[in-house]
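Here's the structure, in structure tokens; my notes come after.
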Amino acid sequence: MPITRTTPTLCPRCGYVLDAHGTAPGQTDPRPPGDGDYTICVGCVGVLQFGADGTLRPVTADELAAVDPAVLAVLAEQRALIRRFFPPRPPARPQ
Ligand SMILES: [Zn+2]
């Protein structure tokens with residue numbers, strides 16, 4: 001999975017520093033994340049979405065329910081991989 005380094009940004013859910021983002025499975029060309037792209041925090045495994053200015057915001061359960069099922073399946077698969085390979089971390093700040 002190609003990785004793109006980005007300006008360090010804190011996860012809005014847990015405060016984990018996110019400074020790299022992988023491309024979606026099947027994509028081979030690394031590119032900076034864009035407006036509306038999803039990412040998953042390795043600190044809390046929360047689904048986040050990029051804004052046009054590169055900021056991250058948590059995706060709500062209602063928003064997730066409206067996501068294309070194929071995209072949702074990829075997000076679920078990636079969350080499972082993160083849970084498998086990254087041990088749980090205590091929150092960097094109170095939630
Ligand atoms: Zn997080």
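Which FRET efficiency value, to the nearest 0.05, do you get for Arg31 and Asp62 by plugging their Cβ-Cβ distance into 1/(1 + (r/R0)^6) with R0 = 35 Å?
0.80
Provide the gained length on full extension for the span Phe86 to Thr23, in nm with one decimal, where the gain is 0.36 nm per separating residue minus the Cα-Cα distance.
Extending this stretch completely gives an extra 20.9 nm.
Please state the shape class of the chain: rounded when a/c is under 1.5, otherwise prolate if a/b exceeds b/c and oblate if not, all from the C-alpha gyration tensor.
Taking the square roots of the gyration eigenvalues as a ≥ b ≥ c, the chain is rounded.
222 nm [θ] for the chain, helices only, -39500 (n - 2.57) per DSSP H run of 4+, per residue, to 500? It would help to have the intermediate numbers written out before the result.
Working: 2 runs with 22 residues, N = 95.
That comes out to -7000 deg cm²/dmol.
Each reported figure results from applying straightforward, stated rules to the coordinates on display, with no laboratory input. Computed from a prediction, not measured in an experiment: that's the story for all the values here. Glycine gets a Cβ as well: all are built from the backbone with ideal geometry, and neighbour counts include every protein chain shown.
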